[in-house]
1. Scan region 236-261 for residues that are surrounded by 14 or more Cβ atoms within 10 Å (Cβ to Cβ) and either assigned by TED's automatic domain parsing to the domain that holds Phe321 or on the phi > 0 side of the Ramachandran plot (or both) and report the count.
2. Considering only region 2-24, state which residues are at pLDDT 95 or above and not in a helix (DSSP H, G or I).
3. Collect the residues in region 267-286 that are farther than 19 Å from Ile236 by Cα and out of contact with any Gly (no Cβ under 8 Å at 6 or more places or on another chain), keeping them in residue-number order.
4. Looking only at region 136-181, count every residue that is among the small types (Gly, Ala, Ser) and crowded, with 20+ Cβ neighbours inside 10 Å and tell me the total.
5. Among the residues of region 28-71, write down those that are modelled with pLDDT under 90, not acidic (Asp, Glu) and not in a helix (DSSP H, G or I).
6. Can you tell me which condition Ala322 does not meet? The list is (1) over 19 Å from the mean Cα position of the chain (by Cα); (2) buried (at least 17 other Cβ atoms within 10 Å of the Cβ), and all the others hold.
7. What pairs come out if I take residues in region 74-96 that are buried (at least 21 other Cβ atoms within 10 Å of the Cβ) and pair them with residues that are part of a helix (DSSP H, G or I) and of a type outside the set (A, V, I, L, M, F, W, C) whose C-beta lies under 6 Å away, six or more apart or interchain?
8. Would you check if Gln207 is out of contact with any Cys (no Cβ under 6 Å at 6 or more places or on another chain) and not assigned by TED's automatic domain parsing to the domain that holds Phe71?
Amino acid sequence: MSGGVDSSMAAALLQKQGYEVIGLTMQLWPKDLLECESETSCCGIGAVEDAKRVAARLGIPHYVINSREIFAEKVIRDFIKKYLSGITPNPCIRCNDLVKFEFLRKKALGLRARYLATGHYANIKYDEKKKRYQLLRAKDAKKDQTYFLYTLNQTQLAHTLFPLGNLTKTEVRGLARKMNLATANRPESQEICFIPDNNYHRFLWEQARNKIKAGAIVDQNGKVLGQHQGVPFYTIGQRKGLGIAAAQPLYVLFLNARKNQVVAGQEQEVYRKKLIAAKLNIITGGKITKSFPAKAKIRSAHQMAACRVYPLGQGKARVEFAKRQWAITPGQAVVFYDKDKILGGGTIIKAD
């Protein structure tokens, strides 16, 4: 129970269905970040209090789990390290993988719970023929969160419930208001929970200023075009903030942390047709041994695009798109879909 309306309604719906429900809230924020809390942040002091109020309203036990150490190690430090390395990470995917559906799931099992339920918009179905659990897109296409859940394995899927999978966000808020839940009108979280003001630059500078140095912005031939303020402050596809006077707009093409360079070029150069992905998780059948067609997303808000996936071994694959895609970014995830079924995905390590 993060303190938002979605997890609150997940608890309420399961209780109505006859489950014995226990509310668990993860205490994630390092103490030095508590003063940064915003109204829309999850798992901050205010959110924990809202979760407690909802649990009291439902008459269920509520526990706060101190998850600060693992969250700092697995999510925040990794986030900083990746940005310093010229990689743009997705901390929500990493949090789901290592904290929510691993660390918290084990805590729930320790309380003799059979399932871990969350307020994610997604569905799980067991395939009797293949004897495997499937991850499926939610009814509410705008709220579908399966992109962030592709790392789930069969054990995790077997012990997970997504009560909101067949509801829209509007329906969830309406039900919460009918039940007079304290979180019914809580604003939706739009930012990374440990950067509630959404100012990445400020956060990275405060956490790693001694490792961030200004350097050269160059073209693909190495010609110096201007100066950057630090590689972590730039992302592929970025146009604003380069400070370069040119005949045509320039965009970030690559980040070379080793040389402390930002590589810039014209708009058409940002498009790429191929990528290499690593750390593959194939939900529908373990390892892949031959190529297969799919639709893929390279960002959570990205439109699905037709592609073919080629296995490379050692948990890697080459993905070739039918059409060039904008700003394929190392560190982000590529997730494969077959209609509403999530086939799996991996971490992008290279664009071509």
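1. 2
2. Filtering region 2-24 for residues at pLDDT 95 or above gives 5-24.
Of everything in region 2-24, those that are at pLDDT 95 or above and not in a helix (DSSP H, G or I) turn out to be Gln17, Gly18, Tyr19, Glu20, Val21, Ile22, Gly23, Leu24.
3. If the condition is that a residue be farther than 19 Å from Ile236 by Cα and out of contact with any Gly (no Cβ under 8 Å at 6 or more places or on another chain), then Gly285, Gly286 are the ones that fit.
4. At the first step, the residues of region 136-181 found to be among the small types (Gly, Ala, Ser) are 138, 141, 158, 165, 174, 176.
Next cut, crowded, with 20+ Cβ neighbours inside 10 Å only: 138, 165, 176.
Number satisfying all stated conditions: 3.
5. Leu28, Trp29, Pro30, Ser38, Thr40, Ser41, Cys42, Cys43, Gly44, listed by residue number.
6. So Ala322 meets the others, but not (2).
7. Val75/Pro91; Val75/Arg94; Phe79/Pro91; Tyr83/Pro232; Pro89/Lys82
8. yes
The values are calculated or read from the model by the stated rules, or taken from the named source; none is laboratory data. Here the structure is a predicted model, which means the values were calculated and not measured. We place every Cβ from the backbone using ideal geometry, glycine too, and count neighbours over all the protein chains shown.
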